Amino acid sequence: MSFSKPSSQHQVQHKVQRSYAQLPATLEIEVVDEFGHPRRQAIAAERALTVYLNRREIVTLMSLGADPEALVVGYLRNQGLIQRREDLDAVMVDWEVEAAAVVTREEPDDLEQRLGQRTVTTGCGQGTVFGRLLDQTSMAALSREPVRQSVIYALLEALGAYNDTYRSAGAVHGCAVCRQQEVLDFVEDVGRHNAVDTLAGREWLTPGDGQVPDIFYTTGRLTSEMVLKVAQMGISILVSRSGVTQKGVELAERFGVLLIARAKGRRLQIIHGRERFIHDAKPDPRPGDLQRRQQVDAGGSGSM
């Protein structure tokens with residue numbers, strides 16, 4: 001499902017040649033359990049895919065292979081190596097040679113300089129951010145719309161219907177773009193950065209249906225890379241069931257992203273943007289919550 005509202009008639013008519021080279025996200029192997037009994041077990045696939053942009057080798061990604069064209073396009077988009085959807089002509093994946101060829105009409109004038117400056121991030125599978133991307137200042141202003149606590153709870157419940165690969169094989173992260181409590185699209189991959197790139201790629205490769213997301217959900221940590229990529233997609237609310245890093249908080253403050261971490265069940269932590277969070281569904285306190293709160297207050301410690 002696409003989640004982008006087309007910005008022009010030209011974008012609606014623009015067709016990208018693609019290979020549709022999807023592979024199964026899991027495969028089965030034989031294992032022996034603790035009782036010595038053999039059985040079949042699903043495991044997550046992990047496939048290498050080397051990306052070429054206009055015949056220039058860019059990077060090798062490790063992925064499930066479930067939606068490779070979207071992953072490649074989203075990666076190049078989020079790295080700033082493709083800057084407009086209409087510049088994209090073709091993305092072709094050939095698993096026999098483990099390569100993806102991307103053809104564009106234009107490319108950044110400083111491409112060689114970008115390729116020479118990389119920052120290795122903390123993403124699973126070692127994501128990379130090309131030179132000067134973290135220093136960009138031209139990002140469009142993000143929405144400052146508030147979000148209700150009840151909406152986050154309803155979204156977490158809705159997301160329980162997803163995670164198919166994780167339930168059968170584990171070893172993957174999931175990401176979703178959402179409109180309030182409705183899940184517009186969900187992707188799983190071996191790294192959370194792959195999942196967010198795939199979502200960004202799908203936006204450019206599939207026709208828009210007018211539903212613009214306002215919340216991004218991930219099962220992984222809220223690192224600088226995640227905050228940057230979500231902000232690039234124009235989404236200002238980022239929710240995770242995991243924790244957050246210092247650089248992630250710094251970029252959230254810079255770009256105006258509301259960060260919600262450790263969101264599981266009825267528990268969550270508002271890391272940044274608390275003024276946009278409406279507490280309309282406070283859960284009942286658990287045993288020991290009041291005592292812990294008093295200990296924090298007595299120690300003079302506060303939340304970020």
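The values are calculated or read from the model by the stated rules, or taken from the named source; none is laboratory data. Model, not experiment: these values are computed from the prediction. Cβ sites come from the backbone with ideal geometry, for glycine too, and all protein chains shown count toward neighbours. Just the protein is used for accessible areas: all its heavy atoms, side chains included, with ligands, DNA and RNA removed. Shrake-Rupley method; radii C 1.70, N 1.55, O 1.52, S 1.80 Å.
How many residues, within the stretch 162-220, are aromatic (Phe, Trp, Tyr) and over 16 Å from ALA66 (Cα atoms)?
Just the residues of the stretch 162-220 that are aromatic (Phe, Trp, Tyr), to begin with: 162, 166, 186, 204, 216-217.
Of the ones still in play, those that are also over 16 Å from ALA66 (Cα atoms) are 204, 216-217.
The total comes to 3.
Restricting attention to the stretch 13-50, and to residues there that are of a type in the set (Val, Ile, Thr) and either in contact with a helix residue (DSSP H, G or I) (Cβ under 9 Å, 6 or more places away or on another chain) or assigned to a loop (DSSP other than H, G, I, E, B) (or both), which single residue is modelled with the lowest pLDDT?
Initial filter on the stretch 13-50 (of a type in the set (Val, Ile, Thr)): 16, 26, 29, 31-32, 43, 50.
Right, trim to either in contact with a helix residue (DSSP H, G or I) (Cβ under 9 Å, 6 or more places away or on another chain) or assigned to a loop (DSSP other than H, G, I, E, B) (or both) and you get 16, 26, 43.
Values: VAL16: 92, THR26: 89, ILE43: 83.
Of everything passing the filter in the stretch 13-50, ILE43 is modelled with the lowest pLDDT.
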Spot the failing condition for GLU250; the list is (1) surrounded by fewer than 19 Cβ atoms within 10 Å (Cβ to Cβ); (2) at pLDDT 90 or above; (3) not polar (S, T, N, Q), and only one is missed.
-> (2)
List the number of the failed condition for GLU112; all other conditions in (1) open to solvent by 70 Å² or more (accessible area, probe 1.4 Å); (2) among the charged types (D, E, K, R); (3) closer than 25 Å to PHE186 by Cβ; (4) assigned to a helix (DSSP H, G or I) hold.
-> (3)
What are the residue pairs meeting all of these: first residue in the stretch 171-196, first residue under 15 Å from LEU238 (Cα atoms), second residue open to solvent by 10 Å² or more (accessible area, probe 1.4 Å) and assigned to a helix (DSSP H, G or I), Cβ atoms under 6 Å, and 6 or more apart or on different chains?
-> GLN180/VAL151; GLN181/VAL151; GLN181/ALA154; GLN181/ALA158; VAL183/ALA158
Give me the pairs, please: first residue somewhere in the stretch 148-167 and closer than 12 Å to ILE278 by Cβ and free of Cβ contacts under 8 Å to residues at least 12 places away in the same chain, second residue anywhere and open to solvent by 30 Å² or more (accessible area, probe 1.4 Å) and in a loop (DSSP other than H, G, I, E, B), beta-carbon distance under 7 Å, and either six or more positions apart or on two chains.
-> none
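So is ARG39 farther than 23 Å from VAL103 by Cβ, of a type outside the set (A, V, I, L, M, F, W, C) and touching an Asp or Glu at 6+ places or on another chain (Cβ under 9 Å) or not? Even if it seems obvious, please write down each step before you answer.
Values: farther than 23 Å from VAL103 by Cβ: yes; of a type outside the set (A, V, I, L, M, F, W, C): yes; touching an Asp or Glu at 6+ places or on another chain (Cβ under 9 Å): yes.
When the stated conditions are applied, ARG39 passes them.
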Identity of the residue in the stretch 209-230, of a type in the set (A, V, I, L, M, F, W, C) and in a helix (DSSP H, G or I), that ends up surrounded by the most Cβ atoms within 10 Å (Cβ to Cβ) | MET226
Is it true that THR206 is at pLDDT below 90, of a type outside the set (Lys, Arg) and within 30 Å of ALA171 (Cβ to Cβ)?
-> yes
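Which fully enclosed helices (runs of 4 or more DSSP H) of the stretch 137-208 have 2 or more residues being open to solvent by less than 20 Å² (accessible area, probe 1.4 Å)?
Numbers: elements: 149-159, 164-169, 192-205.
Filter on the stretch 137-208 gives 149-159, 192-205.
If I filter the stretch 87-97 for residues that are closer than 24 Å to VAL227 by Cα, open to solvent by less than 40 Å² (accessible area, probe 1.4 Å) and either modelled with pLDDT of 90 or more or not in a strand (DSSP E or B) (or both), do I get at least one hit?
No.
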If VAL72 satisfies every condition in (1) out of contact with any Pro (no Cβ under 9 Å at 6 or more places or on another chain); (2) assigned to a strand (DSSP E or B); (3) closer than 22 Å to ASN163 by Cα but one, which is the exception?
-> (2)
